[in-house]
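What follows is a short report on a single structure.
The values are calculated or read from the model by the stated rules, or taken from the named source; none is laboratory data. In this text the structure is predicted, and so the values were computed from the model without any measurement. FYI the Cβ positions are ideal-geometry reconstructions off the backbone, even for glycines, and counts take in every protein chain you see.
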Amino acid sequence: MDITFTEEQEMLRKSAGDFLTAECPKTKARELEEDEKGYSPELWQKMAGLGWMGLAIPEEYEGMGMTFQDLTVLLEAMGNNVLPGPFSCTVVGGAFAIIEAGTAEQKKDLLPRIANGEAILTTALLEPGSTCYDASGVNLKATAQGDNFVLSGTKVFVEMANVADYMICAARTKEGSSDEDGISLFIVDAKAPGISCEVIPTIAFDKLCEVRFENVAVPKKNMLGEMDKGWPIMQSIMQKGAIAKSAESVGGMQASVDMTVAYCKDRVQYDRPIGAFQALQHIMADMWIITQTSKYLVYQAAWMESEGLPCAMEVAMAKAYVNENYKWVTERAVSLHGGIGTSREHDTGLYYRRAKAADTAFGDTDFQRELVAKKIGLIS
Amino acid sequence: MDFKLTDEHVKLRKEFFNVCEELAKKRPEGFTGLEGCYDTDEGWAYHLDCAKVFAKRGWLTLGWPEEYGGQGTIMDKVFMSEATGYYDVPGVDIFGVDMLAPTLHATASQEIKREFLPSIASGERMWCELWSEPNAGSDLAALSTSAVRQGDEYVINGQKIWSTGAHRAHWAFALVRTDPNADRKQKGITFLLFDMKTPGVTVNPILYMDGGHLYNEVFLDDVRVPVKNVVGEENQGWGVTQTLAAFERSNLGAIMGMHRQIEELVNYCNETKVKGEPLAKNPLIRSRLAKAACDLWAAHALAYRIVDAQSRNEMAAFDASAVKVFSGELQARMAQLGTEILGPYGQVKHSRWALFEGFFEKWYQQSFILNVAMGTNEIQRNIISWYGLGLPRMK
Ligand SMILES: Cc1cc2nc3c(=O)[nH]c(=O)nc-3n(C[C@H](O)[C@H](O)[C@H](O)COP(=O)(O)OP(=O)(O)OC[C@H]3O[C@@H](n4cnc5c(N)ncnc54)[C@H](O)[C@@H]3O)c2cc1C
């Protein structure tokens, strides 16, 4: 056993932190909330220059060939700095799905472009009326017509669809024997005729979109994985997404703890730093404990995923645990800052809002706990 | 012991509810709470309109002495807050009606009362509270805005912060330092009133977490205020702020708001189907909504007990702290629960995709108003520990 980061990971963590602090200060993160695109193309190019998008893409596709766990180190640094933009949906949702399920041609076409920062990808799963990440919610229809499938229906909460080049879209190709059966995935050109996209205003301004498909023709060769058997691939995307989101979240938790401790050492009321009040010390001690437990739970799940071990339960546990605790830690961070913490210009609120957004992404707490309940042996 | 309301109270309470129900129909879309009043022109106009309706019925002077046009008792005031709280209807200026008026009744001279109470009663003049400063929040007595007497005026210089509604309010009640050499910082503070249009008053917005314009920073540069606008005595302002016993502090407004939130969530869960089953059948949701209801009924019972104590002049400050902490934190949990029940839609801001006009997304952020403003919950817990439980106070 060796529960430390490798030297390479430490370097990555440090250099990513330094880069993001310099290139994407929190003021910029907040500006990007009001930006139409929701990310900075310039910064995106710089990140591509550092090889980040290709970090975990095999070298034969112009990536760096590092592991999923290495990627989560980077994601934690991004969460620590609340970097907005399409990194996670492009790399975790997009690249990994293609690595896992893509044809040789799809890989050759897309992976180098992702690695070089030339293609933004996202995943389109949820639909109006479906409230959880469950196969039963997939009703968007794909019908075969000549060389194409024709897609019609609506997707919601599609991350960064406003700037995406491609969407991996879950569609129903037949009424199967179960909800899971009969779902196929398509790599859809996001600019194809018949697609329209609107940004849904959300608490974290994270550009979750409603995407309408009106008779959108998708070439048959753009199916990802096998016909009618797309759901396990989607589950794998969701599982990686859940770890990625949790890694970002623990980064945000650490930032919230650090910020609060620093503030309480500095802020004077009643002639002493407010950090001298035990009532606040104990809150901060709890914030730290919860951040520690969250981190190691996430690291463990990331390691298992990276090693290819079965880890559906561990991932669900990590996500459920982090969901609740990221919200709690950031709520405490705001409260301990008093008035200033409640203002737009202060960073604590930025994390607090992100924590709410992170909570529902890739399955909320109830959804994850249900997975855990099954895995620990509760009959249903 | 008897929890029963008199028939007369029941009737009056019903009347408050009926009027508020009507007013609620004119609510601008997405309007809620204090931010609703101050953020948009529409919300502000609605606030003023509701104030006029209440003023006409004499409902802004509930519990006031009759010579100032008062009617009813503190109990009536409580029923009124229940009604406005339940329907999320503004119109009762928390600063003018809820805070300043009782302070004036308790401490001010005849002249001040005659000059300032009528426009509060008529709902025409709205107030803001200029107390907090960048370095004087919880430790309010550390405030440093100075007021130097020149003839029959004070010349005021300093900065205030977190001033809710200062960009809309007509007048302010402020705390300023008139004696910088007093031996204790609580001494040498003066409570005074001035027009927000006085030269030298500059109001700059600070946006709230959710982007709304709720509070401000206020700069005071050589602001001249007549000495006759002092409430109480010069240098005795701290004492003026401590007349809380006269305030209605049951938090029943917030509590009734939560009753409505539960009702709405219950309706939503009964009507919304997931995989063919109403959400209401989900045992997780049942249990959590039921828990919220238990907490809420507990808060309600405590609030009534505080009103009752107050109407007998037996309420202690720590009683009010208890209900403030409990109901404020309950509202935070309720907003959480609301966003959770709505799933991914819980994060959606007021828009065509939002449920309940984005109410729970908003309160997920606005609940800090209840838990930080007017004395943080940590400070309330100190008050309970020191004055309620008699625990030793660390120096
Ligand atoms: C939404 C909102 C509206 C407001 N409106 C107004 C207004 O209209 N007018 C006005 O004058 N002010 C207003 N305020 C200011 C409010 O009264 C102060 O924010 C509050 O008193 C806390 O002061 P502070 O912000 O300086 O925080 P601080 O006093 O610096 O507190 C920071 C943290 O330290 C804790 N702390 C401080 N002292 C102790 C202690 N002794 N023991 C334990 N913990 C302690 C606090 O609880 C808090 O968690 C408003 C604030 C908010 C958030």
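Criterion first (within 18 Å of the chain's Cα centre (by Cα), buried (at least 20 other Cβ atoms within 10 Å of the Cβ), within 14 Å of another protein chain (Cβ to nearest Cβ) and assigned to a helix (DSSP H, G or I)) does A:Lys245 satisfy it?
Details: within 18 Å of the chain's Cα centre (by Cα): yes; buried (at least 20 other Cβ atoms within 10 Å of the Cβ): yes; within 14 Å of another protein chain (Cβ to nearest Cβ): yes; assigned to a helix (DSSP H, G or I): yes.
Taking the combined requirement at face value, the residue satisfies it.
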Residue in the stretch B:323-332 that is under 22 Å from A:Asp366 (Cα atoms), more than 16 Å from the ligand (Cβ to nearest atom) and at pLDDT 95 or above present: yes
The stretch B:324-340 residues that are facing another protein chain (nearest Cβ under 10 Å), paired with ones that are of a type in the set (D, E, K, R) and not in a helix (DSSP H, G or I) (beta carbon under 7 Å, 6 or more apart): B:Glu340/A:Asp364
Check on B:Gly346, in a helix (DSSP H, G or I), under 30 Å from A:Ser178 (Cα atoms), away from the ligand (no atom under 16 Å from the Cβ) and touching a residue at least 12 places away in the same chain (Cβ under 8 Å): yes
Elements of type helices (runs of 4 or more DSSP H) contained in the stretch B:61-146, each with 1 or more residues being under 30 Å from B:Phe359 (Cα atoms) and more than 16 Å from the ligand (Cβ to nearest atom): B:74-87, B:110-121
Sole residue being within 14 Å of chain B (Cβ to nearest Cβ), free of Cβ contacts under 8 Å to residues at least 40 places away in the same chain and charged (D, E, K, R), chosen from A:Asp347, A:Asp364, A:Asp271: A:Asp271
Residue under evaluation A:Leu111, criteria (1) surrounded by fewer than 22 Cβ atoms within 10 Å (Cβ to Cβ); (2) under 17 Å from A:Met167 (Cα atoms); (3) without any contact (Cβ under 8 Å) to a residue 60 or more places away in the chain, criterion not met: (1)
Any chance B:Arg224 is assigned by TED's automatic domain parsing to the domain that holds B:Ser132 and away from the ligand (no atom under 16 Å from the Cβ): yes
Flag for B:Ala172 being within 16 Å of the ligand (Cβ to nearest atom), in contact (Cβ under 8 Å) with a residue 40 or more places away in the chain, surrounded by 17 or more Cβ atoms within 10 Å (Cβ to Cβ) and closer than 22 Å to B:Phe116 by Cα: yes
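From A:Thr67, A:Thr103, grab the single residue that is closer than 23 Å to A:Thr173 by Cα, among the polar types (S, T, N, Q) and assigned by TED's automatic domain parsing to the domain that holds A:Asp18. Please lay out each step first, then the result.
Working: A:Thr67 fails: closer than 23 Å to A:Thr173 by Cα.
Going through A:Thr67, A:Thr103 in turn, just one is closer than 23 Å to A:Thr173 by Cα, among the polar types (S, T, N, Q) and assigned by TED's automatic domain parsing to the domain that holds A:Asp18: A:Thr103.
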Enumeration of residues in the stretch B:352-377 that are assigned to a helix (DSSP H, G or I), more than 26 Å from B:Glu314 (Cβ to Cβ), within 15 Å of the ligand (Cβ to nearest atom) and in contact (Cβ under 8 Å) with a residue 24 or more places away in the chain: B:Lys362, B:Trp363, B:Tyr364, B:Gln365, B:Gln366, B:Ser367, B:Phe368, B:Ile369, B:Asn371
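Listed residues B:Arg381, B:Arg393; which is within 14 Å of the ligand (Cβ to nearest atom), in a helix (DSSP H, G or I), more than 23 Å from A:Tyr326 (Cβ to Cβ) and of a type in the set (D, E, K, R)? Don't jump to the end; show me each part of the working.
On the way: B:Arg393 fails: in a helix (DSSP H, G or I).
Sole residue among the options that is within 14 Å of the ligand (Cβ to nearest atom), in a helix (DSSP H, G or I), more than 23 Å from A:Tyr326 (Cβ to Cβ) and of a type in the set (D, E, K, R): B:Arg381.
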Selected residue (only one of A:Lys327, A:Lys356 is within 20 Å of B:Gly338 (Cα to Cα), facing chain B (nearest Cβ under 9 Å) and touching a residue at least 40 places away in the same chain (Cβ under 8 Å)): A:Lys356
The one condition in (1) touching a helix residue (DSSP H, G or I) at 6+ places or on another chain (Cβ under 8 Å); (2) modelled with pLDDT of 95 or more that A:Ile200 fails to fulfil: (1)
Count of the stretch A:174-189 residues which are crowded, with 22+ Cβ neighbours inside 10 Å and outside any strand (DSSP E or B): 0
Some residue of the stretch A:222-232 being under 29 Å from A:Arg354 (Cα atoms), in a helix (DSSP H, G or I) and away from chain B (no Cβ under 14 Å): yes
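Consider the stretch B:270-279. How many of its residues are touching a Cys at 6+ places or on another chain (Cβ under 8 Å) and surrounded by fewer than 17 Cβ atoms within 10 Å (Cβ to Cβ)?
The number of residues fulfilling the criteria is 1.
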Residue check, B:Gln310 within 8 Å of chain A (Cβ to nearest Cβ), in contact (Cβ under 8 Å) with a residue 24 or more places away in the chain and either among the polar types (S, T, N, Q) or within 27 Å of A:Asp134 (Cα to Cα) (or both): no
Meets criteria (surrounded by fewer than 18 Cβ atoms within 10 Å (Cβ to Cβ), in contact with a Pro (Cβ under 7 Å, 6 or more places away or on another chain), more than 30 Å from A:His337 (Cα to Cα) and within 14 Å of chain A (Cβ to nearest Cβ)) for B:Ser287: no
Scan of the stretch B:235-269 for residues that are at pLDDT 90 or above, within 30 Å of B:Asp183 (Cβ to Cβ) and either surrounded by fewer than 15 Cβ atoms within 10 Å (Cβ to Cβ) or not aromatic (Phe, Trp, Tyr) (or both), ordered by number: B:Asn235, B:Gln236, B:Gly237, B:Gly239, B:Val240, B:Thr241
